[in-house]
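Here's the structure we're looking at; comments come further down.
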Amino acid sequence: MWKSIATRIDVEQAPSLRLVAPHHTHPALPRGNSRRRNLAGWVTIAACLVLFAGVWADQRAERSRARERRPAQPPTREYRTEAGQRASVTLPDGSAFQLGPMSVLRVLGGYGSPDRVVELEGDGYFNVTHDEKHPFSVRTARTTIRDIGTRFVVRARPTERSVEVAVADGEVAIDRIASGRAASSEPSQPSGALMVTAGRAALIDEQGAARLLPRASVAARFAWTRGEFVFDHVLVPNVLAELGRWYGSSFVLADKSLDTVRLTTVLRGETMLEALVVLETALDVDARVEGDRVTLTRRTKPQR
């Protein structure tokens, strides 16, 4: 058609001119309509962001309300004694304990729900009301002692490597028993726990291995709960360290030859001055008190 028209108007063909017929035609949009379409897109995105933020805030508020509705865990109660002090406490379940000097006992939050758990550092005496549904246990740095209706004492001092348990009534189970218990003649328990019955004592070493002691004097281990001291062939420095805990004084040996001397004696409720008289007589020493410091010096024998 173009050739025919070009012949008629006597115009040279222009090969640079071509008519292209697209497959789909779209009416051209005015520039104003394009801007409105972009604005509508941004409005849609902003609305989605606002909706997302609202849902997130609502979920966060719901989680916060759920935490507020959840019952608060009761705080841990701590009982502490200093040198020369003792403490006695009865718990709501009727169980009672007594702390020796320089000791700490923590009653964990949620006590009795369902377990009754306490933690001990130092010397503690326990008289437990038995309840199978709410088992009672004492945790120390070395082991856990589970009560089975009993009266028992625990010596778990941070300055000592071992823990000692003595039972007056009932029995306790001591966890974390090593497989090779050569020092104990008792058979292994199927539960993996060492059972300590009335009148027996056990020792737990720094690895947590427990063994029964030979028929030890359980009464002597309970003596401190009655305000008594029982020393049976004990090194003098250990005797003085024990007296220091109970009387709140520092004992010093001026004569180092006393370090290897052993003492056997019983102190029953004496004041510190009365205890010093016992030491002076038993060790043949003079005691000099200066504030909270007590110095023991060997007596010089008179020249003949």
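Could you list, in sequence order, the residues of region 185-208 that are hydrophobic (A, V, I, L, M, F, W, C) and modelled with pLDDT of 90 or more? Within region 185-208, Leu194, Met195, Val196, Ala198, Ala201, Ala202, Leu203, Ile204 meet the criteria.
Every residue, every condition in (1) modelled with pLDDT of 90 or more; (2) surrounded by fewer than 16 Cβ atoms within 10 Å (Cβ to Cβ), yes or no:
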position: Ser64; (1), (2): no, yes
position: Arg67; (1), (2): no, yes
position: Pro75; (1), (2): no, yes
position: Tyr79; (1), (2): yes, no
position: Ser88; (1), (2): yes, yes
position: Pro92; (1), (2): no, yes
position: Ser95; (1), (2): yes, no
position: Gly100; (1), (2): yes, no
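What's the number of the condition Pro75 fails, among (1) within 18 Å of the chain's Cα centre (by Cα); (2) touching a residue at least 24 places away in the same chain (Cβ under 8 Å); (3) part of a strand (DSSP E or B)? So Pro75 meets the others, but not (3).
Do we find that Leu240 is at pLDDT 90 or above, surrounded by fewer than 16 Cβ atoms within 10 Å (Cβ to Cβ) and within 21 Å of Glu160 (Cα to Cα) in this structure? Considered against the rule, which asks whether it is at pLDDT 90 or above, surrounded by fewer than 16 Cβ atoms within 10 Å (Cβ to Cβ) and within 21 Å of Glu160 (Cα to Cα), Leu240 comes out as no. Taking region 256-304 as the search range and keeping residues that are touching a Gly at 6+ places or on another chain (Cβ under 8 Å) and part of a loop (DSSP other than H, G, I, E, B), which one is nearest to Val230 (Cα to Cα)? Looking at residues that are touching a Gly at 6+ places or on another chain (Cβ under 8 Å) and part of a loop (DSSP other than H, G, I, E, B), I get Gly269. Residues Leu105, Leu99, Leu91, Leu120: which one is over 29 Å from Phe251 (Cβ atoms) and among the hydrophobic types (A, V, I, L, M, F, W, C)? Residue meeting the stated conditions: Leu91. Inclusion of Arg161 among residues that are assigned to a loop (DSSP other than H, G, I, E, B) and within 16 Å of the chain's Cα centre (by Cα) is not warranted.
Of the listed requirements (1) part of a loop (DSSP other than H, G, I, E, B); (2) closer than 30 Å to Ala193 by Cα, Phe222 misses just one: (1). Of the numbered criteria (1) farther than 29 Å from Phe152 by Cβ; (2) surrounded by 15 or more Cβ atoms within 10 Å (Cβ to Cβ), the one Phe231 fails is (1).
Cβ-Cβ contacts under 9 Å between residues 6 or more apart (or on different chains), taken from a first residue in region 285-298 that is in contact (Cβ under 8 Å) with a residue 24 or more places away in the chain to a second residue that is among the β-branched types (Val, Ile, Thr) and surrounded by fewer than 15 Cβ atoms within 10 Å (Cβ to Cβ), are listed as Val285/Thr297; Arg293/Val252; Val294/Val252; Thr295/Val252; Thr295/Val289; Leu296/Val252.
The values are calculated or read from the model by the stated rules, or taken from the named source; none is laboratory data. Please read these numbers as outputs of a predicted model, since none were measured by experiment. For neighbour counting, all protein chains shown are included, and Cβ atoms are generated from backbone atoms with ideal geometry for every residue, glycine included.
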